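First the structure, in the form of structure tokens, and then the observations on it.
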């Protein structure tokens, strides 16, 4: 969860990102959502982290039908 997306992307590119991005050299943002409150953002982050890889890819692609089935 972040409050400044552009700054966070720059940090990741400089190797200052989270453990996952440092380990796998991730440099491309595929998907993001905005929420008005920190608690809503944390709930959504926890929800998505609990999903399967296939369901996450359906979300990234915007395939709502597949997302509902998974």
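The values are calculated or read from the model by the stated rules, or taken from the named source; none is laboratory data. The shown structure was predicted, so the numbers you read here are calculated from the model rather than taken from an experiment. So basically every Cβ, Gly included, is an ideal-geometry build from the backbone, and we count neighbours across all protein chains shown.
Please verify whether residue 52 is under 15 Å from residue 8 (Cβ atoms) and either modelled with pLDDT of 95 or more or touching a helix residue (DSSP H, G or I) at 6+ places or on another chain (Cβ under 9 Å) (or both), treating the condition exactly as stated. So that I can check it myself, show each step before the final result.
Working: under 15 Å from residue 8 (Cβ atoms): no; either modelled with pLDDT of 95 or more or touching a helix residue (DSSP H, G or I) at 6+ places or on another chain (Cβ under 9 Å) (or both): yes.
No, not satisfied.
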(message) List pairs: first residue in segment 38-53 and over 24 Å from residue 66 (Cβ atoms), second residue at pLDDT 95 or above anywhere in the structure, Cβ distance under 9 angstrom, at least six positions apart or on different chains.
(response) none
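Which helices (runs of 4 or more DSSP H) does the chain wholly contain that include 3 or more residues that are surrounded by 10 or more Cβ atoms within 10 Å (Cβ to Cβ)? Quick ask: steps written out before the conclusion?
Details: elements: 5-13, 19-24, 38-49, 53-61, 64-69.
Answer list for the chain: 5-13, 38-49, 53-61, 64-69.
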